[in-house]
């Protein structure tokens, strides 16, 4: 059991270190942009929960992202009590640029590794 948990902890730390090397100061900003892209109809509260950060930190960073013209926060069309994040064109471009820089840094990934990442992602999404 410790090997499984230890492996997950080490994997998380390694991934975070790789991603931070490309944008130390804006790592969390890019995570928020990615989650806004990935979960465009998910409420702000659910995104905060998935990110596992404090609402106050999230609010500060999303305010910066709004001021930079990278995203907007709007009232949900499905539930007027909720708000959703929407990437602007500039936000989408910034996210693609970040992902491209990570891809260049990491290099090519084998199909087997891509499948393993997908399976881990599916598994953890079921838990969270």
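The values are calculated or read from the model by the stated rules, or taken from the named source; none is laboratory data. If you're wondering where the values come from, they're calculated on a predicted model, not measured in any experiment. Cβ sites come from the backbone with ideal geometry, for glycine too, and all protein chains shown count toward neighbours.
For region 87-99, the candidate set comprises residues that are surrounded by 15 or more Cβ atoms within 10 Å (Cβ to Cβ) and at pLDDT 90 or above; within that set, the residue that is farthest from residue 29 (Cα to Cα) is 88.
Within this structure, residue 102 passes the test of being at pLDDT below 80, part of a helix (DSSP H, G or I) and out of contact with any strand residue (DSSP E or B) (no Cβ under 6 Å at 6 or more places or on another chain).
Can you find a residue in region 106-116 that is over 17 Å from residue 46 (Cα atoms), part of a helix (DSSP H, G or I) and in contact (Cβ under 8 Å) with a residue 12 or more places away in the chain? Step through it out loud before you land on a result.
Going residue by residue through region 106-116, those that are over 17 Å from residue 46 (Cα atoms) are 106-116.
Add one more test, that the residue is part of a helix (DSSP H, G or I), and what stays is 106, 111-116.
Now drop any that are not in contact (Cβ under 8 Å) with a residue 12 or more places away in the chain, which leaves 106.
Yes, because at least one residue in region 106-116 is over 17 Å from residue 46 (Cα atoms), part of a helix (DSSP H, G or I) and in contact (Cβ under 8 Å) with a residue 12 or more places away in the chain.
The residue list 24, 16 contains one member that is at pLDDT below 85 and either loosely packed, with under 11 Cβ neighbours inside 10 Å or over 29 Å from residue 106 (Cβ atoms) (or both), which is 24.
Would you mention how many residues in region 65-81 are surrounded by 15 or more Cβ atoms within 10 Å (Cβ to Cβ) and in contact with a helix residue (DSSP H, G or I) (Cβ under 9 Å, 6 or more places away or on another chain)? So that I can check it myself, show each step before the final result.
Pass one, region 65-81, residues surrounded by 15 or more Cβ atoms within 10 Å (Cβ to Cβ): 65-66, 70-73.
Now drop any that are not in contact with a helix residue (DSSP H, G or I) (Cβ under 9 Å, 6 or more places away or on another chain), which leaves 65, 70-73.
So the answer is 5.
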